[in-house]
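These notes are about the structure you will find just below.
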Amino acid sequence: MSRNVVMGVTGGIACYKAADVVSRLKKEGIGVDVIMTKNACHFVDPLTFRTLSKNPVVTDTFATPEAWKVGHVALAEKADVMLIAPATANVIGKVAAGIADDMLTTTIMASRAKIVFAPAMNVNMYENPIVQENIRRLKALGYYFIEPGSGMLACGYEGKGRMAEPPEIVSCVLKLLSEDTETTERKAENSDLAGKRFLVTAGPTTEKIDPVRYISNRSSGKMGFAVAEAAFARGADVTLVTGPVKLSCSPGIRRIDVSTTREMLKACEKAFPEVDAVVKAAAPADFYVVNSCDHKIKKKSDTITLELAQNPDILKTLGSRKEGQILVGFAAETRNLETYAREKIAAKNLDMIVANDVSAPGAGFDVDTNIFTLITADGRKTEYEKMTKSEAADIILDRIMELMEQKTEK
C-alpha cells in the first residue's frame with residue numbers, strides 16, 4: 001500500500017535539515033509532497049525540494065493547480081501524515097488559534113491525517129509561556145510534537161530549540177505510518193466499544209523541588225497508553241490524561257498533558273461526569289514539596305530537608321463521585337499484593353483492580369510486558385502470566401465490557 005507524507009516547511013535556518021528529511025523519506029519508499037511558506041523560500045529554493053521529492057512544490061495558495069482540484073483539499077486528502085519541519089513559533093501559534101491564511105495552514109485545517117510538528121526556534125521563543133501553551137493545546141487536541149534538541153543555536157544562544165535531527169524525525173513519521181495501518185486493521189476486526197466513552201490516565205506525575213529538580217517515579221506510561229490505544233482501536237471515544245512521558249498516541253485520542261498530581265486530578269474531575277469507564281493506570285506522586293524553591297537550591301550543606309504534604313487521592317476522589325461509571329484502578333506493589341489490592345477496592349469504591357508485583361521480572365516499570373491479577377469488587381480473582389501490555393490492555397477491556405453488561409442487566 002502506497003503511503004504519502006505532506007511536508008510543510010516554514011521559515012527558519014533548519015530548512016536545510018528539511019531537505020535531508022525529504023531525501024530519507026523517499027529512500028524509505030514514502031511519497032512526499034512539499035508545501036513551503038513564503039519565508040521558507042528565502043532559506044532554500046523550492047527547486048531543491050522539487051528535485052528531492054520528484055513532485056511539484058506548492059508555495060502559493062492561488063497558484064493554478066496542475067490538476068483541477070482545490071489545492072489544499074487535494075493535499076489534505078493525499079496525506080497519511082502531515083509533517084511540519086521546521087515548525088516555527090508562528091505556524092504553531094496560527095494552528096493553535098485556528099488561523100488558516102496560507103496554503104500550509106489551510107491544508108492542516110482540512111486534513112484528517114496525523115499531524116506532527118518538529119519545532120525549531122530561539123530558546124527564549126521556545127520557552128515563552130505563550131508558545132508552550134500553544135504546544136500544550138495542540139497536544140491535547142491530538143497533534144504530535146518531536147521535541148527539539150539542546151545546544152548552540154544559529155542565533156548565537158545556547159539552549160533548547162534546535163530542530164530534531166532528520167533520522168529521529170523520519171523514525172517518528174515511519175512509526176506513525178505503521179501505527180495507522182495497525183489501528184485500521186484492528187478497528188476493522190473489532191469495534192465492540194463503539195459509543196463508549198473512556199477516561200484513561202497514564203505515566204507518573206512530577207512535584208517540583210526547585211526549577212531543575214523534582215519528585216517522581218519510574219512509571220513510563222506504557223500500560224496506560226496501551227489501554228488508551230486498545231480502547232480507541234475498538235471504537236471507543238478516549239480521553240487520555242498523561243503525566244510527562246516520551247510516548248505518542250493516535251490523533252483520534254483526546255490527549256491532555258499534565259505535570260503534577262493536582263493537575264491530573266483537575267483534568268480527571270472535568271472529564272469524569274461524561275465517561276462510561278475510567279482506567280487509572282497512572283502512578284501519580286503521593287506527596288508534593290511544601291517548601292519548593294523558585295530558584296535552584298545550591299549545595300551549601302551535606303543535607304537538605306524537604307517538607308512533604310499528601311497529594312489528593314485521584315482514584316478515591318472519583319470513587320466518591322461515581323454515578324454508574326466503571327472505575328478501574330491499578331495496584332503496583334512489591335509485597336502483600338492481593339491484600340493491598342483488595343483493600344484499595346474497598347477504600348476507593350472500585351469495580352475492579354489490576355494488581356501486579358513490580359519487583360517481578362517482566363512486570364515492573366518501563367518494560368513492554370506485564371504479569372497481573374484482575375480482582376473485581378465481588379471478589380473474583382483471575383491471574384495472568386507474562387504477556388505484552390497491548391495484550392493485557394485487551395483483557396482489561398474485555399473484563400470492563402463484562403462489568404458494563406452486568407450493570408445493564410441489573
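Tell me whether the stretch 35-44 contains one or more residues that are within 18 Å of residue 174 (Cβ to Cβ), under 26 Å from the mean Cα position of the chain (by Cα) and in contact (Cβ under 8 Å) with a residue 40 or more places away in the chain. No: the stretch 35-44 contains no residue that is within 18 Å of residue 174 (Cβ to Cβ), under 26 Å from the mean Cα position of the chain (by Cα) and in contact (Cβ under 8 Å) with a residue 40 or more places away in the chain. Residues in the stretch 304-347 that are surrounded by fewer than 17 Cβ atoms within 10 Å (Cβ to Cβ), in a helix (DSSP H, G or I) and either on the phi > 0 side of the Ramachandran plot or touching a strand residue (DSSP E or B) at 6+ places or on another chain (Cβ under 6 Å) (or both): 340 only. When we screen 227, 238, 278 for residues that are in a strand (DSSP E or B), at pLDDT 95 or above and either open to solvent by less than 60 Å² (accessible area, probe 1.4 Å) or within 30 Å of residue 407 (Cα to Cα) (or both), the only hit is 278.
Working carefully through the options 337, 350, find the one that is free of Cβ contacts under 8 Å to residues at least 60 places away in the same chain, within 22 Å of residue 385 (Cβ to Cβ) and aliphatic (A, V, I, L, M). Even if it seems obvious, please write down each step before you answer.
Details: 350 fails: within 22 Å of residue 385 (Cβ to Cβ).
Sole residue among the options that is free of Cβ contacts under 8 Å to residues at least 60 places away in the same chain, within 22 Å of residue 385 (Cβ to Cβ) and aliphatic (A, V, I, L, M): 337.
Here's the yes/no breakdown for (1) among the aromatic types (Phe, Trp, Tyr); (2) surrounded by fewer than 19 Cβ atoms within 10 Å (Cβ to Cβ); (3) part of a loop (DSSP other than H, G, I, E, B); (4) free of Cβ contacts under 8 Å to residues at least 60 places away in the same chain:
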site: 77; (1), (2), (3), (4): no, yes, no, yes
site: 84; (1), (2), (3), (4): no, no, no, no
site: 90; (1), (2), (3), (4): no, yes, no, no
site: 93; (1), (2), (3), (4): no, yes, no, yes
site: 98; (1), (2), (3), (4): no, yes, yes, yes
site: 101; (1), (2), (3), (4): no, yes, yes, yes
site: 104; (1), (2), (3), (4): no, no, no, no
site: 109; (1), (2), (3), (4): no, yes, no, yes
site: 115; (1), (2), (3), (4): no, no, no, no
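Looking across the stretch 241-268 at every residue that is out of contact with any Ser or Thr (no Cβ under 7 Å at 6 or more places or on another chain) and in a helix (DSSP H, G or I), the one that is most open to solvent (accessible area, probe 1.4 Å) is identified as 266.
Cβ separations smaller than 6 Å between residues 6+ apart or across chains give the following pairs from the stretch 191-213 residues that are open to solvent by 60 Å² or more (accessible area, probe 1.4 Å) to residues that are modelled with pLDDT of 90 or more and assigned to a strand (DSSP E or B): 197/237; 208/214.
The values are calculated or read from the model by the stated rules, or taken from the named source; none is laboratory data. Just so it is clear, the model here is predicted, and its values are computed rather than measured. Every residue, glycine as well, gets a Cβ built from its backbone with ideal geometry; the counts of neighbours run over all protein chains shown. Quick note on the areas: whole protein, heavy atoms, side chains included, nothing else; ligands and nucleic acids left out. Shrake-Rupley method; radii C 1.70, N 1.55, O 1.52, S 1.80 Å.
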